[in-house]
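Worksheet: one structure, shown below.
The values are calculated or read from the model by the stated rules, or taken from the named source; none is laboratory data. Everything numeric in this text was worked out from a predicted model, so none of it was measured. Here the Cβ positions follow ideal geometry from the backbone for every residue, glycine too, while neighbour counts run over all protein chains shown. Note: areas computed on protein heavy atoms with side chains; ligands, DNA, RNA excluded. Shrake-Rupley method; radii C 1.70, N 1.55, O 1.52, S 1.80 Å.
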Amino acid sequence: MYQAARGTTDILPEEQPYWRFVEKAIADITRIYGYKRIDTPIFEDTSLFQRSAGEFTDIVQKEMYTFDDRGGNSLTLKPEGTPAVCRAYIQHGMHNLPQPVKLYYVSPIFRYDRPQAGRYRQHYQFGCEAIGDDDPAIDAEVIDIAWRFYKSLGLANISLQLNSIGCKECRPAYLNILKKYYNKHANNLCADCKTRLEKNPLRLLDCKQASCQNIAEKAPQSTDKLCPACSAHFDQLQKYLGLLEIPFIINHRLVRGLDYYTRTVFEIQPEDEGGQSTLGGGGRFDGLIEELGGKPTPAAGFAAGIERIILNLKKQNISVPMAPALQVFIACLGEKARDEAIKLAAGLRKNGISVVSATGDKSLKAQLRQANTLGARYTAIIGEEEVKAGTVTLRDMAEGGQESVDVKDMTGRLASSQ
Ligand code: HAM
C-alpha cells in the first residue's frame, strides 16, 4: 500500500480549521503592518540557494531536494523562502519602488531532514521580508510582527531570543577570537564541531552535543566584539523592543543555521522546549541581495513554521473556529423522489445553501446516519407522500423535531435558520 513519502503529511479535512485559523491570522497581521503577498515558484536554480544559505550549512550540505530537469538544468525545491524573494526583488527591479519593500509569503518548504514530531521533509512557512532599509526600527518591526502574530493566535509561554552577530567589518575579527578559543579545546570537540572549526566557526556556538555545551557556554561573545555601528544598531533595536513592550532574552549562542545573516538574529520558542520546536526565526541579511547580483541592499525578515504553530495550538488546547456546518442533507426514497431531490438541491445551491444529496439506494436509516456523520443541520426527507404533496419532511438534526415544508418555501426556511 502506498504511504505519503516519509516526512510528509496529508492535511485531512478535520485538520483544515487549524490551517484556516492560521491563514486568517496571517492575512490580518500582514494587512495591519502593510506587507504585500508574493508567491514564488516551488523550484529555483540550485545555485540561488547555495549562494544564499552558504556552502557549509546543513541545508546546502545535506537537506536540499536537487534534481536535473530534462534540459540538464540543476533545480532545487525551495528549502527556504528568503532567497526566492530576494531573487524576485532583483528580477523585477523593486529597488525602484519606495524602500523598504515589504513582502510576505506562505509557501511549502522542502528539507531532507530527519523526520520527527515538528520536523518534516515538506513543511509550510509564513515569512515576511522588509527589503531596502538598515534602520533598526525595521528589525524591531519584523520581530514585532512575529511576536504579535503568535500572540494573536492565542499562544502563551513563548520566548524571544535575540543576538547580534555583527557585520562583514567586525565579524572576521570576532571569528578569529572564536577560533583561537576553540582551538584550545579542539581535542574535546565533537566530530561535527571539528569540521565547523575549519569551515563555519560561528556554528560552533549552537552545537547540541552534550560534550560541547560547556565549551560553547564559555566562548567569547559576538556582542562584545561589535564595531561601533553594529553596537549602536543593536542598542537601538533593544530600545525599540522596550518601547514595543516585547520581552527578550539575549542568547549569545544564537547564530541561526544560514550564513547570510548580519547583525540581528532572533528566534521565538515555546518556553519549555528546546531547539527542535522553534516556532520561527529570522534576522537581518544586509549582504544577500548584493551576493545574488543586485545592488547593495539591506534587509531583514523572519519565517514561522505553520505545522509547529498548529502543534502548539493543540498542545495549549486553543480552540479554533470550526468549518461552517452543512446546512442540509437531502434523503430520498424512490425514483420520483430522486428527481425532486436533484431539482431541490440545485435550487438551494443557487441560493448559496450548502447541500449534500443521498446517492444510490440506501435505506432511510442509512441516509440519516450519513447526514449525521456529515454534521448536517437539517435533513430534508422526500418520499412518495412528499412528492405527491410538493413538500419535504424537514428534520432538525440538532433538536430532533420535524415539520412539513413546501418545496417552494425551502430556500427561505433554510436561509432564515442560519
Ligand atoms: P529557518 O529557521 O530555517 O529560517 O526556518 C523558519 C521556521 O520554519 C523554523 O523556525 C521552524 O518553525 C520552521 N521549520 C524549519 N524547518 C522545519 C522542518 N523541517 N519541519 C517543520 N518546520 C520547520 C528560514 O528559513 C529563514 N528563511 C527565515 C528568514 C526569513 N530569515 C530572514 N527572513
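Between LEU244 and ASP339, the modelled labels are 6.7 nm apart [label points 7 Å from Cα along Cα→Cβ].
Counting other Cβ atoms within 10 Å, which GluC sites (Glu not before Pro) in region 235-272 have at most 16 and lie in a DSSP loop? When the GluC sites (Glu not before Pro) of region 235-272 are filtered for loop state and at most 16 Cβ neighbours within 10 Å, GLU245, GLU271 remain.
Summary value for the chain: 15 percent relative contact order, contacts being C-alpha pairs under 8 angstrom separated by 6+ residues.
Listed by chain and number, the lysines whose C-alpha is less than 16 Å from the C-alpha of LYS184, apart from same-chain residues fewer than 8 away, are LYS194, LYS218. Excluding same-chain neighbours fewer than eight residues apart, the aspartates and glutamates reachable from LYS179 by a Cα-Cα span under 14 Å are GLU198. Give the calculated FRET efficiency between SER74 and LYS36 to the nearest 0.05, with a Förster radius of 45 Å applied to their Cβ-Cβ distance. E(calc), rounded to 0.05, equals 0.90.
Residue by residue, what Karplus-based ³J(HN,Hα) values in Hz, rounded to whole numbers, does region 348-365 have, using 6.51, -1.76 and 1.60 with θ = phi - 60° and x for Gly and Pro? Each residue of region 348-365 in turn: 5, 5, 4, 9, x, 8, 7, 9, 10, 9, 5, 10, x, 10, 7, 5, 4, 4 Hz.
One Cα centroid belongs to region 231-268, the other to region 26-85; the line between them spans 24 Å. Mean sequence separation of contacting Cα pairs (under 8 Å, at least six apart), scaled by the length of region 328-411, corresponds to a relative contact order of 33 percent. Summed over qualifying helices (DSSP H, 4 residues or more, each -39500 (n - 2.57)) and divided by its residue number, the chain shows a 222 nm mean residue ellipticity of -11000 deg cm²/dmol. Each label was represented as a point 7 Å from its Cα along the Cα-to-Cβ direction; for LEU374 and LYS295 these points are 5.9 nm apart.
Leaving ligands, DNA and RNA out of it, report the carbon-plus-sulfur percent of the accessible area of the chain at a 1.4 Å probe. Before the final figure, lay out the partial values.
Values: 10510 of 20930 Å².
Solvent-exposed carbon and sulfur of the chain make up 50 percent of the total.
Just flag the trypsin sites (Lys or Arg not before Pro) in region 159-201 sitting in loop per DSSP whose Cβ has no more than 16 other Cβ atoms within 10 Å.
For trypsin sites (Lys or Arg not before Pro) across region 159-201 that sit outside H, G, I, E and B with at most 16 neighbouring Cβ atoms in 10 Å, the list reads LYS168.
Directionally averaged projected area (region 328-411, Cα convex hull): 4.8 nm². For the pair SER416 and ALA137, label points projected 7 Å from Cα toward Cβ lie 5.6 nm apart. Under a cut-off of 18 Å between alpha-carbon atoms, report the aspartates and glutamates in cross-link reach of LYS36, not counting same-chain residues fewer than 8 places apart. Within the straight-line limit of under 18 Å, LYS36 reaches these aspartates and glutamates: GLU23, ASP28, GLU129, ASP133, ASP139, GLU141, ASP144.
Just how many % of Cα pairs in the chain lie over 30 Å apart, if you round to the nearest whole percent? Taking all Cα-Cα pairs of the chain, the fraction more than 30 Å apart is 54 percent.
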